[in-house]
Amino acid sequence: VPEGQADKLLLASWGLPKAVLEKYHSLGVVQMFEWQAECLMLGQVLEGKNLVYSAPTSAGKTLVAELLILKRVLETRKKALLILPFVSVAKEKKCYLQ
């Protein structure tokens with residue numbers, strides 16, 4: 001994260017609604033890793049441009065995708081399609097995102 005932008009690690013810095021922040025906080029997610037914030041700050045990703053990233057299992061890739069989807073859906077009032085690799089993960093995310 002560029003110097004002087006350490007606040008970008010906090011979820012509260014990304015313009016998410018209070019209810020969304022409270023849900024993340026209830027799950028113990030208050031801030032991101034540096035690499036996650038860097039992904040969100042790349043180019044025009046927040047304006048809908050593509051992002052390809054890779055990280056080990058359980059590193060936090062899903063959080064980046066969720067934040068991009070949530071911001072985009074809330075700002076454009078359009079639907080999003082989230083494709084997940086397993087039925088169990090899809091069921092978990094369905095309950096979580098509701």
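Examine the range 40-60 for a residue that is closer than 19 Å to K93 by Cβ, part of a helix (DSSP H, G or I), out of contact with any helix residue (DSSP H, G or I) (no Cβ under 9 Å at 6 or more places or on another chain) and not aromatic (F, W, Y), and state whether such a residue exists. No, there is no match, as no residue in the range 40-60 is closer than 19 Å to K93 by Cβ, part of a helix (DSSP H, G or I), out of contact with any helix residue (DSSP H, G or I) (no Cβ under 9 Å at 6 or more places or on another chain) and not aromatic (F, W, Y). Does V64 satisfy the criteria of being free of Cβ contacts under 8 Å to residues at least 60 places away in the same chain and in a loop (DSSP other than H, G, I, E, B)? The answer is no for V64.
What number of residues in the range 18-39 are of a type outside the set (D, E) and in a helix (DSSP H, G or I)? Working first, answer last.
Step one: of the range 18-39, the residues of a type outside the set (D, E) are 18-21, 23-33, 35-37, 39.
Now restrict to residues that are in a helix (DSSP H, G or I): 18-21, 23-26, 35-37, 39.
Residues meeting the conditions: 12.
For the range 82-93, the set of residues classified as under 15 Å from the mean Cα position of the chain (by Cα) and surrounded by 11 or more Cβ atoms within 10 Å (Cβ to Cβ) consists of L82, L84, K93, listed by residue number.
Of the set (1) under 15 Å from the mean Cα position of the chain (by Cα); (2) over 19 Å from Q5 (Cα atoms); (3) open to solvent by 50 Å² or more (accessible area, probe 1.4 Å); (4) modelled with pLDDT under 90, all apply to G48 but (3). For the range 28-38, the condition holds for at least one residue, the condition being that it is modelled with pLDDT of 90 or more and farther than 18 Å from K8 by Cβ. Pairing each residue of the range 23-41 that is open to solvent by 80 Å² or more (accessible area, probe 1.4 Å) with any residue that is in a strand (DSSP E or B), provided the two are 6+ apart or on different chains, yields C-beta distances under 8 Å for Q31/L10.
The values are calculated or read from the model by the stated rules, or taken from the named source; none is laboratory data. Here the structure is a predicted model, which means the values were calculated and not measured. Here Cβ is always computed from backbone atoms with ideal geometry, including for glycine, and neighbour counts include all displayed protein chains. Quick note on the areas: whole protein, heavy atoms, side chains included, nothing else; ligands and nucleic acids left out. Shrake-Rupley method; radii C 1.70, N 1.55, O 1.52, S 1.80 Å.
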